[in-house]
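Step one of this worksheet: look at the structure below.
Any read-out appearing in this document is the output of simple, stated calculations on the displayed coordinates, not a laboratory observation. Note that the coordinates shown come from a computational prediction; the quantities given were computed from them, not determined experimentally. Cβ coordinates were reconstructed from backbone atoms using ideal geometry, including for glycine residues, and neighbour counts include every protein chain displayed.
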């Protein structure tokens, strides 16, 4: 009896100790699945909080009548729509959902309601809703199922809008028309083949739509749809291969459109196309960089366009009649996102971020060229001196091709050779730019870890030859670019070649996994976020609307020779070469890179006896968007770095 009592007391003591220890730890929420992740002390969360509370604001739409805008920003768990009625005015929240809302469109005549899209748990099956701005009541307009709906293009009189949807079969992105006051009125206007279709513009009389067909990052075409007959006709030549022709808009001339193309040039230029003669005139040839996007005023008499010049955005104003343009000089160096003219053409709004600030919305008064800030997003407790500014770096790859990236150095308070985090972008045709480091300033300012964001071959922004230089059988040449970066790091006196971590998301996740087995002896550890572990299983399981677009990039696995090649280079089939610890992070509902890509990699590495940490969010998709999940992910990555990069 006495022994039993002692045993019970001992058990009670152990349970009390364990309870106390748990009190001092950050525990995953009910939506997170974790394996092998080390304890995360609350003290660490307190230290990181200084860097994790920043938010940004992005322009969504300008009201058609009032001097007010809709932005998206986050105050709670997810980004939601907010109304701003004056410069630096209050951000009045108008949507209140657990899921983020990132885009919306005003009814174009009175602006009494919005149409917005929202998915569930990151599954990207965005459904359209009507939001009454007086009652803030939302009404579902689309099927609510496994379809993608978006690309809203209003008739000028506000009687209805055209939109794209995959609802017919889940793979083809058809064009529909709907009166939002009668959702049952939705009707199929154009049936297409492929997931790369979308609406660019509508004519003033509503009788014609300019429609884009994307075949790949290297090829796209423009079509004209007669909305009365439902007949599509080619605007650009569908037989043109490996040419980008996109971003079409009607000009103020009946026989002319504006568009962006890399035809007959290495970079994408702003151009006009005569619809009768099919002749193209190019207007930005003197700028040896891509024109990323442009905006026309309602009357087509004013234009603004942005260029991507080595990872920095520049804004230009153009006179569409004379085709003359000039750079807007009195704005900070940074990145410019969403932009639009007010309906009266008096003002131009744009979103901008810099290396020292998150995104915010600004307005140019076009008569005076005065720039006015409309939002100022909080950066938490971060100060300017806590932030690392990017430096452009370049190195030569195995074949002498010049590769570049941005290097974020550590705080001057750290001495000696510093460990390095190589953070690889996805896409693969995305681009690392001179951006705000955000919460990752914790790495550079508190951990003394330098960050490098490379632009390996296949990245956009460096010409069409560069973006196609990793396609099909050239896939592993991009991995060799990282190998060359590892050699470059070894030559830098301030960097520690023996303490390097590779991290990347989506295609960057594949690059992370590939680097982990190709250069196992040159890295300490790796973090794979929603990465492709086997191209053949990825192409089999990714959503149908994406499959053909990805085949153009990665190769068609239905070809026996290509299947064998993809099998050979896939990280899942090279796990025997992976020797260093790995952290795998995944969203359960990911429609792009399915969760099976993560679990099959995790299971095989575990079976081999490798060190594997695993984090999966049941309410997320292609990357984490909900703050509680993002915060836990960040802390877990920092603990992984503490254990395997810094020790």
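A compact table of results
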{"read-out": "Relative contact order (percent, whole number), the stretch 19-128, Cα cutoff 8 Å, 6+ residue spacing", "value": "15 percent"}
{"read-out": "Span per principal axis, largest first, for the Cα atoms of the stretch 92-188 (Å)", "value": "37, 33, 19"}
{"read-out": "Packing-based exposure ordering (other Cβ within 10 Å, fewest first) of 269, 146", "value": "146, 269"}
{"read-out": "Cβ-Cβ FRET estimate between residue 400 and residue 242, R0 fixed at 25 Å, reported to 0.05", "value": "0.60"}
{"read-out": "Translational diffusion coefficient (Stokes-Einstein; Kirkwood radius from C-alpha pairs) of the chain at 20 °C, 1.002 mPa s, in µm²/s", "value": "81 µm²/s"}
{"read-out": "Contour excess over end-to-end distance, with Cα ends at residue 112 and residue 473 and 0.36 nm allotted per residue", "value": "124.7 nm"}
{"read-out": "Percent of Cα pairs exceeding the 18 Å cut-off, where the set is the stretch 190-275", "value": "38 percent"}
{"read-out": "Label point distance in nm, residue 627-residue 389, each placed 7 Å from Cα along Cα→Cβ", "value": "3.0 nm"}
{"read-out": "Two-decimal Rg to Rh for the stretch 358-419 - Kirkwood Rh, Cα set", "value": "1.18"}
{"read-out": "Protection-proxy order for peptides 213-222, 541-550, each taking the mean of Cβ atoms within 10 Å per residue, highest first", "value": "213-222, 541-550"}
{"read-out": "Nearest-ten-degree value, helix 475-490 long axis tilted from longest Cα axis of the chain", "value": "60 degrees"}
{"read-out": "Segment residue 281-residue 372, extension gain: residue separation times 0.36 nm, minus the distance between their alpha carbons", "value": "29.3 nm"}
{"read-out": "Inter-label distance for residue 600 and residue 573, nm, one decimal - labels placed 7 Å from Cα along Cα-to-Cβ", "value": "1.1 nm"}
{"read-out": "Nitroxide proxy distance, nm - points 7 Å out along Cα→Cβ at residue 39 and residue 322", "value": "7.2 nm"}
{"read-out": "Degrees separating the helix 544-554 axis from the principal Cα axis of the chain, which is the longest one", "value": "80 degrees"}
{"read-out": "Volume per residue of the C-alpha convex hull in the stretch 460-525, rounded to whole Å³", "value": "104 Å³"}
{"read-out": "Value of relative contact order over the chain, rounded to a whole percent, pairs C-alpha under 8 Å and six or more apart", "value": "12 percent"}
{"read-out": "FRET efficiency, residue 157 to residue 559 (Cβ-Cβ, R0 51 Å, nearest 0.05)", "value": "0.55"}
{"read-out": "Using distinct alpha-carbon pairs, which all enter the 1/r mean, Kirkwood radius of the stretch 488-631 in Å", "value": "15.8 Å"}
{"read-out": "Degrees, to the nearest 10: 2-23 long Cα axis against longest axis of the chain", "value": "30 degrees"}
{"read-out": "For the stretch 281-421, radius of gyration divided by Kirkwood radius, i.e. Rg to Rh on alpha-carbons", "value": "1.06"}
{"read-out": "Per residue Cα convex hull volume in Å³ - calculated over the stretch 181-239", "value": "114 Å³"}
{"read-out": "CD proxy at 222 nm, helix term only [per DSSP H run n ≥ 4: -39500 (n - 2.57); per residue of the chain; nearest 500]", "value": "-6000 deg cm²/dmol"}
{"read-out": "Modelled FRET efficiency - R0 35 Å, residue 412 with residue 490, Cβ distances, 0.05 increments", "value": "0.95"}
{"read-out": "19 Å tail of the calculated P(r), the stretch 245-339, as % of Cα pairs", "value": "37 percent"}
{"read-out": "Whole-Å semi-axes of the ellipsoid equivalent to the stretch 141-252 (Cα gyration tensor, √5λ, descending)", "value": "23, 18, 11"}
{"read-out": "The stretch 305-366 - convex hull of the alpha-carbon atoms, volume per residue in Å³", "value": "88 Å³"}
{"read-out": "nm² value of the averaged projected area, convex hull over the Cα atoms of the stretch 62-145", "value": "5.6 nm²"}
{"read-out": "Rg to Rh, two decimals, where the stretch 533-576 supplies the alpha carbon set and Rh follows Kirkwood", "value": "0.97"}
{"read-out": "Distance between the stretch 590-606 and the stretch 516-575 - C-alpha centres, whole angstrom", "value": "11 Å"}
